[in-house]
Structure formats: C-alpha cells, structure tokens
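Input: a single structure, listed below in structure tokens.
The values are calculated or read from the model by the stated rules, or taken from the named source; none is laboratory data. A quick note: this is a predicted structure, and the numbers were derived from the prediction, not measured. Note that we place each Cβ from the backbone using ideal geometry, even for glycine, and neighbour counts take in every protein chain shown. Ligands, DNA and RNA are excluded from the accessible area calculation, which covers all protein heavy atoms including side chains. Shrake-Rupley method; radii C 1.70, N 1.55, O 1.52, S 1.80 Å.
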Amino acid sequence: TAPTHAHSHKAHDHSHGHTHDAIGIDSFVYAARRPFAPARLQELLRALPADVTAAISDGKTDHSALNPTARALATIVRSKGFLWLASSHDAAYYWSHAGNHFAAELMGRWWATLPEDRYPEDMRASILSDFDGEDGDRRQEIVFIGVGAVAQQAAITEALDACLLTDDEMAAYRAADDDARPELFPSDLRVRA
C-alpha cells in the first residue's frame, strides 16, 4: 500500500494464534487474494460491533440465540487490517473495528498501481514481499482479536469467504474498468477518505 500506510502484518508473524492466558484473548489473521463484494460484506458487518460486555464477561454468556455468524463474531473485540473492495481496483482500504466502532478508511492506492520506480528504495523488498500474482499487493489481511477468537476462526473465515467475489464475479471485475466497478458492485458501505 502507499507510503501513508507501509505497515504489513507479515512483520508481526500473525500466521498463528496468540493467547493471553489471563483472560483467554487470542487472535488469528484472515487472508485472501480476492476482493470482497461490498454489498455482501456490508451484510456481514451488520453482525458487528461485537458485544464487548459479553466478550469480557466470565465467558459463560449464552450466545445460542444469535445466528451462527453473529455468534462467531460475538466475542471479537478488535479487528484491523487491509481491505480490498470490488468497487475499486486501485483503492486500498483499512479495516478498523474496536468494540462498538467499525470504520473502513481509504488508505491510498495499492502499490501495484504505481510504477516500481516510485517505491521508496528502503521499502522496496518489503513492498514486493506482499505481491502475489497479477493482483500485486491487493489482498484481505485482517487480524481478529477476542476471547476465544481462534475457536471461532473457521466460522468467521467461512462468513468472510462468502463475501469474496465468485469466479463469475471475478471475471466481470477483471473485464471492467475502475469507473464501471461501483455499478457492478454497488453498496451503501460508507468509506472514509
């Protein structure tokens, strides 16, 4: 992503869950190399914000009345990372969720949209390490933190994967120019610039 946000979660080696034994907080990273369909993601986000009171309670809170996605997200107290929306091939977004607050913010452009001679020399290796195939550094890379987050990883991953573009949608995405993508993948998801 652009120099305004050169942070990569790779530097933190989030490929495994972390555990904070005292209160049972752990984390995992959701990663995907396909954009989210904004409308489907918006529906998923309705399960946020997390019930922070339940997340920090004695762990005996009954979430059985919630739908499976809301139940999986119920104890996530923080999530953050890179967000790729199908409404733009150029725009890199930052996903930030803490307690009862969620924001998607425009960070700038994906590095892949810029010529390599514009990469800061001292960051070139780090930038290129995030590249994968024809999409460059475009990706979903979101850290989920909560009480029992790792136990909910499969359910959260399944819910997020359902928000990714299908193969047919991906073909339409690739065939469209950036001006047409918001019409192909409409949403009321509010993104701060």
Treating only Lys and Arg (+1) and Asp and Glu (-1) as charged, each at its beta carbon, one finds that segment 83-160 has a dipole about its Cα centre, in Debye to the nearest 20, of 300 debye
Pseudo-spin-label distance Arg109 to Ala151, built 7 Å along Cα→Cβ, given in nm, is 4.6 nm
For the pair Arg71 and Asp135, the simple spin-label estimate (label points 7 Å beyond Cα toward Cβ) gives in nm 3.0 nm
In segment 124-177, the trypsin sites (Lys or Arg not before Pro) that sit in a DSSP loop and have at most 14 other Cβ atoms within 10 Å of their own Cβ are none
Diffing segment 78-87: the Karplus 3J(HN,Hα) column from phi (6.51, -1.76, 1.60, θ = phi - 60°), in whole Hz with x for Gly and Pro, holds 8, 8, 7, x, 8, 9, 10, 9, 5, 6
Of 24-30, 185-191, ordering from highest average Cβ density within 10 Å down gives 24-30, 185-191
Pseudo-spin-label distance Glu183 to Ala32, built 7 Å along Cα→Cβ, given in nm, is 2.6 nm
Whole-percent carbon and sulfur contribution to the accessible surface of segment 83-123 (1.4 Å, no ligands, DNA or RNA) stands at 45 percent
To the nearest 0.05, the calculated FRET efficiency linking Arg192 and Asp90 through their beta-carbon distance, R0 being 22 Å, is 0.85
Reported to the nearest 10 Å², Thr166 has, with a 1.4 Å probe, an accessible area equal to 70 Å²
In this structure, the FRET efficiency calculated for Glu116 and Thr166 from their beta-carbon separation, with R0 = 25 Å, to the nearest 0.05, is 0.20
Diffusion coefficient in µm²/s returned for segment 67-174 by Stokes-Einstein, Kirkwood Rh over C-alpha pairs, 20 °C and 1.002 mPa s, is 137 µm²/s
Under the rule rounded for a/c under 1.5, else prolate if a/b exceeds b/c, else oblate, using alpha carbon gyration tensor axes a ≥ b ≥ c, segment 147-193 is classed as oblate
The alpha-carbon center of segment 91-110 and that of segment 114-151 are separated, in whole Å, by 15 Å
